[in-house]
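Colleague: A single structure is presented below for examination.
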Amino acid sequence: MESVLPFKFKPAELAQRKYSGHLTLPVAHFKRFSALLADNSGEVKADARFFVGEGAQVNATGSINAIVAVTCQRCMHAMRLNINCEFSVAFISDESAEVFAEDAFDPLLLDEHQEVSAVDFLEDELILQVPLRLVHSEEQDCDKSVIEAVNTAGDNGPVKTHNPFSGLDKLLKN
Ligand SMILES: [Zn+2]
């Protein structure tokens, strides 16, 4: 029986009872992640399994699934980014705490109540999944009309560019 991961939780308690659950959160809840996107639409779906690992280290592994809208840096049109990844987290109570887990676990700092929010739990992993260079994978997928509009600096194009010839008419009349 799957259960829904609470909005805020104590990983140590969940690990003690080998909890596994899932959650769905609107993309808009992830402020740092959604700042990288074209809009806040969509949901983040995740499942997680908590366990006590080597050296009594509290860990969680799971997967994240989200379809979000990003802006293509070549044609400036929105495109879909499909995020599908696995994660492994080692919860630590202070920065200096030694992580007993293997390198495969990303350390995640707990708050002063030994809790973590579902957003903090997933957000760093989501941000890592956004490529630095966001363009349509094939140039022909980019919207041609937009590229032409940008190149010719058309007045009705979606990208406003300064027209170096805008004052020319006036000059010619004098
Ligand atoms: Zn494009």
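Colleague: For the condition assigned by TED's automatic domain parsing to the domain that holds L122, assigned to a helix (DSSP H, G or I) and away from the ligand (no atom under 16 Å from the Cβ), what is the one hit in E86, E13, E95? Give the steps one after another, and end with the answer.
Modeller: On the way: E86 fails: assigned to a helix (DSSP H, G or I); E95 fails: assigned to a helix (DSSP H, G or I).
After applying the criteria, what remains is E13.
Colleague: Then there's this: Would you be able to say whether some residue in the range 36-45 is touching an Asp or Glu at 6+ places or on another chain (Cβ under 6 Å) and part of a loop (DSSP other than H, G, I, E, B)? If you could, list the steps in order and put the result at the bottom.
Modeller: Looking only at the range 36-45, we keep the residues that are touching an Asp or Glu at 6+ places or on another chain (Cβ under 6 Å), and these are none.
No: the range 36-45 contains no residue that is touching an Asp or Glu at 6+ places or on another chain (Cβ under 6 Å) and part of a loop (DSSP other than H, G, I, E, B).
Colleague: Return yes when V130 is modelled with pLDDT of 90 or more, aliphatic (A, V, I, L, M) and part of a loop (DSSP other than H, G, I, E, B) and no when it is not.
Modeller: Numbers: modelled with pLDDT of 90 or more: yes; aliphatic (A, V, I, L, M): yes; part of a loop (DSSP other than H, G, I, E, B): yes.
Yes, satisfied.
Colleague: Count, please, the residues in the range 45-87 that happen to be without any contact (Cβ under 8 Å) to a residue 60 or more places away in the chain, over 15 Å from P107 (Cα atoms) and more than 20 Å from the chain's Cα centre (by Cα).
Modeller: 1
The values are calculated or read from the model by the stated rules, or taken from the named source; none is laboratory data. Source: prediction; values computed, not measured. Counting neighbours? That spans all protein chains shown, and the Cβs are built from the backbone with ideal geometry, glycine included.
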